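The values are calculated or read from the model by the stated rules, or taken from the named source; none is laboratory data. Worth saying up front: this structure is predicted, and the values here are computed from it rather than measured. Methodologically, a virtual Cβ is constructed for each residue, glycine included, from the backbone with ideal geometry; neighbour enumeration extends over all protein chains shown. These accessible areas exclude ligands, DNA and RNA; they are computed on the full protein's heavy atoms, side chains included. Shrake-Rupley method; radii C 1.70, N 1.55, O 1.52, S 1.80 Å.
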Amino acid sequence: MQVTLVYDNEVWQEGLQADWGFACLVQEGDRRILFDTGAQSSILLHNLEKLNLDPRTIPEVFISHGHWDHIGGLADLLKLNPAIKVYLPHSCPAPPGAAQVVRIQDPYQLQENIFSTGELPGNEQSLVVQTGGGLVVICGCSHPGVGTILQAASKHGKVSALIGGLHGFKEFDLLEDLKLVCPCHCTQYIADIMQLYPETAVPGGAGKVLVIE
Ligand SMILES: [Zn+2]
Ligand SMILES: [Zn+2]
(Lines give C-alpha, C1' and ligand atoms only; values in the text may rest on other atoms or scores of the structure.)
(Ligands and ions follow the chains in the order given, each with its own letter.)
Protein backbone atom coordinates (compact mmCIF):
# COMPACT_ATOMS: atom_id res chain seq x y z
CA MET A 1 0.00 0.00 0.00
CA GLN A 2 0.99 3.59 -0.37
CA VAL A 3 0.34 6.69 1.73
CA THR A 4 0.97 10.11 0.21
CA LEU A 5 1.03 13.08 2.56
CA VAL A 6 -1.01 15.78 0.86
CA TYR A 7 -1.28 18.39 3.61
CA ASP A 8 1.15 18.85 6.46
CA ASN A 9 2.78 21.49 8.66
CA GLU A 10 6.03 20.84 6.78
CA VAL A 11 6.76 20.45 3.11
CA TRP A 12 8.69 17.51 1.65
CA GLN A 13 8.33 17.94 -2.09
CA GLU A 14 9.19 21.18 -3.84
CA GLY A 15 6.18 23.02 -5.26
CA LEU A 16 3.78 21.90 -2.55
CA GLN A 17 2.65 24.20 0.26
CA ALA A 18 3.04 23.64 3.99
CA ASP A 19 0.31 24.69 6.37
CA TRP A 20 -0.94 23.67 9.80
CA GLY A 21 -3.24 20.73 9.13
CA PHE A 22 -3.24 17.18 7.86
CA ALA A 23 -4.45 15.14 4.90
CA CYS A 24 -3.07 12.07 3.17
CA LEU A 25 -4.14 9.76 0.37
CA VAL A 26 -4.27 6.10 1.30
CA GLN A 27 -3.97 3.70 -1.63
CA GLU A 28 -4.50 0.02 -0.97
CA GLY A 29 -5.03 -2.19 -4.00
CA ASP A 30 -7.48 -0.27 -6.16
CA ARG A 31 -8.99 1.49 -3.13
CA ARG A 32 -8.18 5.18 -2.69
CA ILE A 33 -9.23 7.03 0.46
CA LEU A 34 -8.44 10.63 1.28
CA PHE A 35 -7.77 10.80 5.01
CA ASP A 36 -8.71 14.27 6.30
CA THR A 37 -8.71 17.44 4.23
CA GLY A 38 -6.36 19.94 5.91
CA ALA A 39 -7.34 23.46 6.95
CA GLN A 40 -7.71 25.34 3.66
CA SER A 41 -9.23 23.98 0.47
CA SER A 42 -6.98 26.19 -1.69
CA ILE A 43 -3.87 24.48 -0.30
CA LEU A 44 -5.48 21.02 -0.38
CA LEU A 45 -6.41 21.43 -4.04
CA HIS A 46 -3.05 23.00 -4.94
CA ASN A 47 -1.13 20.13 -3.37
CA LEU A 48 -3.37 17.49 -4.95
CA GLU A 49 -2.79 19.06 -8.34
CA LYS A 50 0.98 19.14 -7.84
CA LEU A 51 0.81 15.45 -6.95
CA ASN A 52 -1.22 14.74 -10.12
CA LEU A 53 -4.17 13.61 -8.03
CA ASP A 54 -7.55 14.67 -9.36
CA PRO A 55 -9.94 15.28 -6.43
CA ARG A 56 -12.90 14.43 -8.69
CA THR A 57 -11.64 10.86 -9.04
CA ILE A 58 -11.21 10.15 -5.32
CA PRO A 59 -14.16 7.96 -4.28
CA GLU A 60 -13.94 8.23 -0.50
CA VAL A 61 -12.89 10.62 2.26
CA PHE A 62 -12.34 9.56 5.86
CA ILE A 63 -12.47 12.32 8.50
CA SER A 64 -10.57 11.60 11.72
CA HIS A 65 -12.21 14.34 13.77
CA GLY A 66 -14.05 17.62 13.44
CA HIS A 67 -11.21 20.07 14.06
CA TRP A 68 -10.74 22.87 11.52
CA ASP A 69 -7.28 21.72 10.49
CA HIS A 70 -8.73 18.35 9.37
CA ILE A 71 -12.11 19.25 7.89
CA GLY A 72 -11.27 22.68 6.43
CA GLY A 73 -11.03 21.45 2.85
CA LEU A 74 -14.12 19.23 2.98
CA ALA A 75 -16.81 21.70 1.88
CA ASP A 76 -14.97 22.67 -1.31
CA LEU A 77 -13.97 19.07 -1.99
CA LEU A 78 -17.68 18.19 -1.88
CA LYS A 79 -18.45 20.96 -4.37
CA LEU A 80 -15.97 19.41 -6.80
CA ASN A 81 -16.91 15.84 -6.01
CA PRO A 82 -20.44 15.67 -4.51
CA ALA A 83 -20.60 11.89 -4.94
CA ILE A 84 -17.59 11.28 -2.69
CA LYS A 85 -18.46 8.96 0.20
CA VAL A 86 -17.74 10.65 3.55
CA TYR A 87 -16.85 8.66 6.67
CA LEU A 88 -17.29 10.84 9.76
CA PRO A 89 -16.94 10.28 13.47
CA HIS A 90 -20.43 10.20 14.96
CA SER A 91 -20.02 13.46 16.91
CA CYS A 92 -19.04 15.39 13.79
CA PRO A 93 -21.96 17.14 12.04
CA ALA A 94 -22.61 15.98 8.49
CA PRO A 95 -21.27 18.47 5.95
CA PRO A 96 -23.81 20.14 3.67
CA GLY A 97 -23.86 18.84 0.12
CA ALA A 98 -22.66 15.33 0.89
CA ALA A 99 -24.62 12.66 -0.93
CA GLN A 100 -23.20 9.70 0.94
CA VAL A 101 -22.31 10.01 4.62
CA VAL A 102 -21.37 7.19 6.97
CA ARG A 103 -21.26 8.33 10.60
CA ILE A 104 -19.12 6.03 12.68
CA GLN A 105 -19.46 5.44 16.40
CA ASP A 106 -18.45 1.82 16.97
CA PRO A 107 -15.54 0.04 15.30
CA TYR A 108 -16.38 -0.20 11.61
CA GLN A 109 -15.21 -2.22 8.64
CA LEU A 110 -14.83 -0.18 5.43
CA GLN A 111 -13.71 -3.16 3.45
CA GLU A 112 -12.18 -6.59 3.94
CA ASN A 113 -8.87 -5.24 5.23
CA ILE A 114 -9.67 -1.60 6.10
CA PHE A 115 -11.19 -0.56 9.42
CA SER A 116 -12.04 2.41 11.61
CA THR A 117 -11.22 2.16 15.31
CA GLY A 118 -14.63 3.75 15.86
CA GLU A 119 -14.94 7.07 17.59
CA LEU A 120 -12.64 6.89 20.61
CA PRO A 121 -12.72 9.16 23.69
CA GLY A 122 -11.46 12.48 22.35
CA ASN A 123 -13.97 12.27 19.49
CA GLU A 124 -11.53 10.92 16.97
CA GLN A 125 -11.32 7.81 14.80
CA SER A 126 -8.23 6.31 13.21
CA LEU A 127 -7.92 4.29 10.02
CA VAL A 128 -6.44 0.80 10.21
CA VAL A 129 -5.24 -1.08 7.12
CA GLN A 130 -4.31 -4.75 7.33
CA THR A 131 -1.32 -5.58 5.14
CA GLY A 132 0.83 -8.69 4.82
CA GLY A 133 3.42 -7.04 7.03
CA GLY A 134 1.06 -5.97 9.81
CA LEU A 135 -1.36 -3.15 10.53
CA VAL A 136 -0.85 0.37 9.27
CA VAL A 137 -2.53 2.92 11.55
CA ILE A 138 -3.23 6.44 10.34
CA CYS A 139 -4.25 9.06 12.85
CA GLY A 140 -5.20 12.74 12.68
CA CYS A 141 -4.15 14.42 15.95
CA SER A 142 -4.23 11.40 18.31
CA HIS A 143 -6.50 13.21 20.77
CA PRO A 144 -7.59 9.84 22.29
CA GLY A 145 -3.92 9.13 23.03
CA VAL A 146 -1.56 6.99 20.98
CA GLY A 147 -1.78 4.10 23.48
CA THR A 148 -5.58 4.02 23.22
CA ILE A 149 -5.45 4.15 19.42
CA LEU A 150 -2.86 1.37 19.13
CA GLN A 151 -4.84 -0.76 21.55
CA ALA A 152 -8.07 -0.26 19.58
CA ALA A 153 -6.27 -1.12 16.33
CA SER A 154 -4.60 -4.21 17.80
CA LYS A 155 -7.76 -6.26 17.72
CA HIS A 156 -7.13 -6.61 13.99
CA GLY A 157 -3.55 -7.87 14.41
CA LYS A 158 -0.10 -6.51 15.16
CA VAL A 159 0.53 -2.85 14.45
CA SER A 160 3.59 -2.33 12.25
CA ALA A 161 3.27 1.30 11.17
CA LEU A 162 1.93 4.56 12.57
CA ILE A 163 1.46 7.67 10.45
CA GLY A 164 0.01 11.05 11.39
CA GLY A 165 -0.21 13.67 14.09
CA LEU A 166 0.75 12.41 17.55
CA HIS A 167 0.21 15.67 19.45
CA GLY A 168 2.00 15.71 22.85
CA PHE A 169 2.66 11.95 22.84
CA LYS A 170 5.68 11.03 25.01
CA GLU A 171 5.34 7.32 25.82
CA PHE A 172 7.99 6.60 23.24
CA ASP A 173 8.44 2.95 24.18
CA LEU A 174 5.06 2.24 22.55
CA LEU A 175 6.83 2.74 19.20
CA GLU A 176 9.53 0.18 19.93
CA ASP A 177 8.13 -2.71 17.89
CA LEU A 178 6.98 -0.68 14.90
CA LYS A 179 8.65 -1.05 11.51
CA LEU A 180 7.69 2.48 10.49
CA VAL A 181 6.62 5.62 12.27
CA CYS A 182 5.96 8.88 10.48
CA PRO A 183 5.25 11.47 13.17
CA CYS A 184 4.01 14.62 11.49
CA HIS A 185 1.44 17.45 11.67
CA CYS A 186 0.94 18.40 15.36
CA THR A 187 3.51 15.96 16.81
CA GLN A 188 5.43 17.93 19.42
CA TYR A 189 8.34 15.52 19.93
CA ILE A 190 9.30 14.70 16.34
CA ALA A 191 13.02 15.24 17.03
CA ASP A 192 12.95 12.93 20.06
CA ILE A 193 11.21 10.18 18.06
CA MET A 194 13.71 10.53 15.19
CA GLN A 195 16.60 10.31 17.62
CA LEU A 196 15.22 7.33 19.52
CA TYR A 197 14.22 5.35 16.43
CA PRO A 198 16.58 6.33 13.62
CA GLU A 199 15.99 3.05 11.76
CA THR A 200 12.20 3.22 11.67
CA ALA A 201 11.16 6.87 12.08
CA VAL A 202 10.83 8.97 8.96
CA PRO A 203 9.99 12.66 8.64
CA GLY A 204 6.68 13.70 7.12
CA GLY A 205 5.93 16.74 4.97
CA ALA A 206 3.52 17.46 2.14
CA GLY A 207 4.47 15.34 -0.87
CA LYS A 208 6.09 12.54 1.11
CA VAL A 209 5.21 9.12 -0.28
CA LEU A 210 5.39 6.13 2.06
CA VAL A 211 5.35 2.73 0.37
CA ILE A 212 4.52 -0.04 2.81
CA GLU A 213 4.85 -3.75 1.98
ZN1 LIG B 1 -7.29 18.02 16.47
ZN1 LIG C 1 -4.72 18.60 13.91
Karplus (6.51, -1.76, 1.60) ³J(HN,Hα), θ = phi - 60°, over region 123-139, in Hz, Gly and Pro reported as x: 6, 9, 10, 10, 9, 10, 10, 7, 10, x, x, x, 8, 9, 10, 10, 10
Where the centroid of each part is defined by its Cα atoms, how far is region 93-123 from region 1-22 in Å? 23
Given the convex hull over the Cα atoms of region 1-135, what projected area results after averaging over all orientations, in nm²? 7.9
Once normalised by the length of the chain, the mean sequence separation of its alpha carbon contacts under 8 Å that are 6 or more apart gives a contact order in percent of 21
How much of the accessible area of region 24-163, in percent, comes from carbon and sulfur atoms when a 1.4 Å probe is used? 49
Search the structure for amide H atoms under 5 Å from the amide H of Leu162, placed 1.01 Å from N in the peptide plane, and list their residues when 5 or more places away or on another chain. Val137, Leu180, Val181, Cys182
Tell me, what ³J(HN,Hα) does each residue in region 33-44 have, in order and in whole Hz, if you take phi through Karplus 6.51 cos²θ - 1.76 cosθ + 1.60 with θ = phi - 60° and put x for Gly and Pro? 10, 7, 9, 6, 9, x, 9, 10, 5, 4, 6, 4
Taking the Cβ-Cβ separation of Asp30 and Lys158 as r and a Förster radius of 25 Å, what is the calculated FRET efficiency to the nearest 0.05? 0.50
Any lysines whose Cα falls less than 26 Å from that of Lys170, other than same-chain ones fewer than 8 residues away, would be Lys155, Lys158, Lys179, Lys208
The local net charge around Gln40, scoring Lys/Arg +1 and Asp/Glu -1 for residues other than Gln40 whose Cβ lies under 12 Å from its Cβ, equals -3
So, with points 7 Å from each Cα along the Cβ direction, the Glu171-Arg103 label distance in nm works out to 3.0
Of all DSSP beta bridges in the chain, what percent run antiparallel (nearest 5)? 50
Count the net charge of all other residues whose Cβ sits under 11 Å from the Cβ of His70, scoring Lys and Arg as +1 and Asp and Glu as -1. -3
With the charge dipole of region 13-110 built from beta-carbon charges (+1 for Lys and Arg, -1 for Asp and Glu) about the Cα centre, the Cα from Trp68, Ala18, Pro107 projecting farthest to the positive end belongs to Pro107
Under the classification rounded if a/c is under 1.5, otherwise prolate if a/b is larger than b/c and oblate if not, where does region 111-170 fall, given a ≥ b ≥ c as square roots of the Cα gyration tensor eigenvalues? prolate
Per-residue [θ]222 nm for the chain (sum of -39500 (n - 2.57) over DSSP H runs n ≥ 4, rounded to 500): -4500 deg cm²/dmol
Student exercise, the chain dipole from Lys, Arg, Asp, Glu Cβ charges, in Debye to nearest 20: 460
Rounded to whole Hz, the Karplus (6.51, -1.76, 1.60) HN-Hα couplings of region 98-112, x for glycine and proline: 8, 7, 10, 10, 10, 9, 10, 10, 8, x, 9, 9, 7, 7, 2
Non-local residues with an amide H under 5 Å from the amide H of Val101, with H modelled 1.01 Å from N and Pro and chain starts lacking one, are Val86
Quick one: putting +1 on the C-beta of Lys and Arg, -1 on the C-beta of Asp and Glu, what dipole do you get for region 113-176 around its Cα centre, in Debye to the nearest 20? 140
Rolling a 1.4 angstrom probe over the protein chains, ignoring ligands and nucleic acids, what is the accessible area of Lys179 in square angstrom, nearest 10? 130
Cα-centred dipole magnitude for region 1-111, charges only on beta-carbon of K, R (+1) and D, E (-1), debye, nearest 20: 400
Antiparallel as a % of all DSSP beta bridges within region 14-110, to the nearest 5? 30
Around Glu171, under 15 Å between beta carbons, what's the net of Lys plus Arg minus Asp minus Glu among the other residues? -3
When all protein chains stay in place, what accessible area (Å², nearest 10, 1.4 Å probe) is found for Tyr7? 0
